[in-house]
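These notes are about the structure you will find just below.
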Amino acid sequence: MGEPAFGVLGPLRVRVGGAPVRLGGPKPRAVLATLLLQPGGFVSLDVLTEVLWPEGAPRSAVANVRTYVRALRSALAAAGVDTEGLTTRPSGYALDVAPDDLDMLLFERRLEQARAARDRGEDAAALRGYEAALGLWRGGVLQDVPSSVVWDPAVTRIEELRAVAVDECLKVRLRLGDYAPLVAELRGRLAEDPVREDLWQMLVRALHGAGRTTEAREAYAEAERVLAVELGVEPSAPLRAVGVDHGYAGRRRTADPGPVCQLPMDVPDFTGREDQIGVLEGWLSAAGRQPVVAVLSGPPGSGKSTLAVHVAHRVRDAFPDGQLFVDLGGLSDQPREPVDVLAELLRSLGVIDAAIPGDPAERAALFRSRLAQRRFLVVLDDAASGAQVRPLLPGTGGSAVLVTSRRRLPGLPAYHCALGVMEREEARELLGTIVGTDRLRAEGAEADRVLAGCGSLPLAVRIAGSRLANRPGWTVGALADFLHDERGRLDQLQTGELEVRASAELSYRHLPEPAATAFRVFGQLPDEATAGWLVAAATGVADANAGGLETLLDEHLVEVVGTDALGMQRYRMHDLLRCYARELAEADGDEVRTRRRLRVVDDLVALARCANSAMPTRFLGVLGEPVQPEGAAAAVVPAVRARPVEWFESERRVLVASVESALRRGHVAQAADLAVELAGFFDMRGYYGDWLRTHRLVLDAMPEPTDARAATLLRNLGQLHLYQDRYADALAAFDLSRSLFARLGHGYGEAVAAVGAGSVHRVLNDLDAALAAFGEALRGFGVVGDRHGEAVAHNAIASVWLERREPEAATPWLAAALELSGGVGDRHREAQVRRRMAVAHEQRGELRQARQELERALGIFDELGDAHCAAYVQQSVGELCLRQGRAGEASALLVDALNVQRQLGDRRAEARVACLLGELHHATGRKQTARRYFHRSLSTWRRLEVREQAELVHAKLRALR
């Protein structure tokens, strides 16, 4: 059988009698490629134009396309190719190709034959068929022709088919006992995609079938390790069954947490968009070996989000692992950063805060790993740009992503669906669904006038229909007359955000004053989901229910987007309506707007201070005294004090946005007060990005750091620098803070800053300076009578003596610190002291007592929910196990600790743990693994410029040779 005349499975190729045919320049080649990807199918001039000129076609585009087709026809005819199959049709072309003449069609036919033989149980014939089909591939599809997004569906389909064929061929070879070459091939494929559980299954079976049982057992163990490290999961049931069948794994059952579903409620009266729904459903459901992406774009008010949620509900069954939903805030003043969105998505997938990487690229990689080999639907609503979306896309697996945006995002590898206004009949059906078909039928002509006034824009139609439904005494004609008065404005405002302004104004005019005030207030609040009390506080009323929110809810001008951790409903106004509310707020005058903003910030500061006074851990910083807020915020105080961490978590984005908003309007003092109150929560939860941004912005806005607020912000910033190994910056911030506090006569603040400076000196091994700073802090805390601070200072002084390996000198300081911690009821400080007491016991050789103290400290941190500190204690337990010769337990604890330290950005701890793991593997004979960990430790110490430690690790590496 001769080779096909046309080839797309590799470089574009046309051959006649074995000789290549020259096709001319790149344009005719692109035309032929497009026609071959749809053999026998109609290809429109518009499609060819988009392929040839993706950045915008010239005026002569149609004529040029026809010229290229003529040139292509001439080249083929001159080479002896029958061109009767290349037909011209109205507004386009088609190319009929026999299956034997196009390698893509021949591949599919041979694949069908191979599958038929496989299904009949004829594995030898099936293998010949698969090899014949796969032998047609010469590389990537059309690899020498510039790619086009128009080709993506066809290229994705055929490459998906190839990937499936390769896997099916591997399975047939496995059944035929082709073990030795199969093992090598499977190992190569796993090197490229180590989380493919089906490949691990085949590798274990091949090794077992070849009699290499030891290697099979090692392969199964490696699969378990890779899945645990990369995805944080155990082997799936099929892979585990292979291990159980061959005796490489024990039988056990694991709990199934069930799929995640974050989709908002579907609109019960959704109407129209049948064409778009069908295309989107088909595209999303086609996700298989590779993920798919669909972008839904269109003007404001065209119903993009509503359609996306509706389609997502319809395809839920195709994504059994779950559905994720994120609002990207593209219409807001500050669209959400991908790094923050990734953290939210990872939490939804079960990743704890301490395990979420700080580096954006690492977060994206972990997210892709979590989705690999799983089927999730991810809805990304209101995207600002392709750059915002790209880090949120899966890399492999059967997941799908549906993106909505008011902008086209041509840079994304996606199917693009442009959404405009509704067809007239669809808009009429939507209006009838809302107001009732009988009522609409009775006034059909008037309904057309209403739709004309709304411009068939879904948001405008829905608002108009809601007006009629809520006012049964109105006629459809009455509303049509009202819209007629606005028609001139609607005709002028047909693009961009102003397209729905008339509809917003129509709703706003009918609001009673409390609701109208609340509507305008939304234009001044942060563009986040907002608690009702905050809206009421801004309007100056004591009762959230009296502030017009319920009316806005009834009028569909705001929506309930969920309930926070304190059980409070949170409201959000559509971004387009918020733009209109912001315009209206401008008319209220500077004095009114300023009063509202300051009222909101003051209430947030007051509640933050209430929350800090009830936090399970006491932040070593300078915080304001709790005050009782007034008005609507007063009703929230009991809930805030009962669950302070949850309140901070629920309001975090509002709090950060309020700091930034206050600064933009020149309210630096209020912004500083709020930023100071947030530092303790940021410290507890590891929100280092928010911490750095709020403090840096406030300090930059201050003309010169001279007051207690500036000193406090500098101390907090120094603490953050210390956590992230920026020691010079940390010491500079602490020293400046100390000098400011001393100049102000603020003894407590000076002592707190001294503790920070001493910690930097201790880390840098300047122990004399550290002891002096801690002693100064202790004296300062004693003067002001702060027992908690004294406990901190005693514990810090003990840490210096332990660094000097003098446990007897440290013991009285630790005893005093433990007594002081118990006296003030600070269990978090008690756990920190017990961790140091464990070090003292270990230095005296009392390993059992050391383990007991560490277990007590770990229990306290777990009880308080402090995953960060718990990780450090876990590291200490791992080190202790290593010294006791319990290598297995030590390895598990230290590997986990290493991962956590990497996420926390503590490079010193990471370097120490990596060195410990190197020692462990060296002692157990795994030199290659030991070498990898020693290199990791060495490079980290060198980056930190700690020469002494680097030389010690380098010596351990040399000992391995």
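Below, the figures for the structure above:
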{"item": "Matching label, volume of the Cα convex hull per residue in Å³ computed from the structure shown, candidates (1) 257; (2) 217; (3) 279", "result": "(2)"}
{"item": "Given charges at beta-carbon only (K, R positive; D, E negative), |dipole| of the chain in Debye", "result": "2800 debye"}
{"item": "Net charge, residue 381 excluded, C-beta distance under 9 Å - Lys, Arg +1, Asp, Glu -1", "result": "-1"}
{"item": "Antiparallel bridges, percent of DSSP beta bridges restricted to the chain (to nearest 5)", "result": "40 percent"}
{"item": "Calculated SAXS-style log₁₀ I(q)/I(0) at q = 0.11, 0.13, 0.21, 0.26 Å⁻¹ - the range 874-961, Debye, Cα scatterers", "result": "-0.26, -0.36, -0.95, -1.31"}
{"item": "Semi-axis lengths (Å, descending) of the ellipsoid that matches the C-alpha gyration tensor of the range 744-821", "result": "20, 16, 7"}
{"item": "Full-stretch length increase - residue 469, residue 846 - with 0.36 nm per residue and alpha-carbon distance subtracted", "result": "127.9 nm"}
{"item": "Positive-end extreme of charge dipole, the range 1-135 - chosen from 116, 6, 47 (charges on Cβ)", "result": "47"}
{"item": "By average C-beta atoms within 10 angstrom, highest first, the peptides 668-680, 652-664", "result": "668-680, 652-664"}
{"item": "Charged-residue dipole, Cβ positions (Lys, Arg, Asp, Glu), the range 177-251 about Cα centre, Debye nearest 20", "result": "220 debye"}
{"item": "Proximal lysines relative to residue 956, as straight alpha-carbon distance under 24 Å, when same-chain residues fewer than 8 apart are discounted", "result": "927"}
{"item": "Cβ-based charge dipole, the chain, positive-most Cα from 739, 691, 858", "result": "858"}
{"item": "Over the chain, relative contact order from alpha-carbon pairs under 8 Å, at least 6 apart, %", "result": "6 percent"}
{"item": "Cα-based Kirkwood hydrodynamic radius, the range 260-418, one decimal, Å", "result": "15.6 Å"}
{"item": "FRET efficiency, 1/(1 + (r/R0)^6) with R0 25 Å, evaluated for residue 234 and residue 855 via beta carbons", "result": "0.45"}
{"item": "Estimated Rh, the range 1-146: Kirkwood, alpha-carbon pairs, angstrom", "result": "16.4 Å"}
{"item": "Segments 738-745, 944-951 sorted - mean Cβ within 10 Å per residue, highest first", "result": "738-745, 944-951"}
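Every number here is computed from the coordinates shown, using simple stated rules; none is lab data. Because the structure is predicted, anything quoted here is derived from the model rather than measured. Cβ: placed from backbone, ideal geometry, glycine included. Neighbour counts: every protein chain shown.
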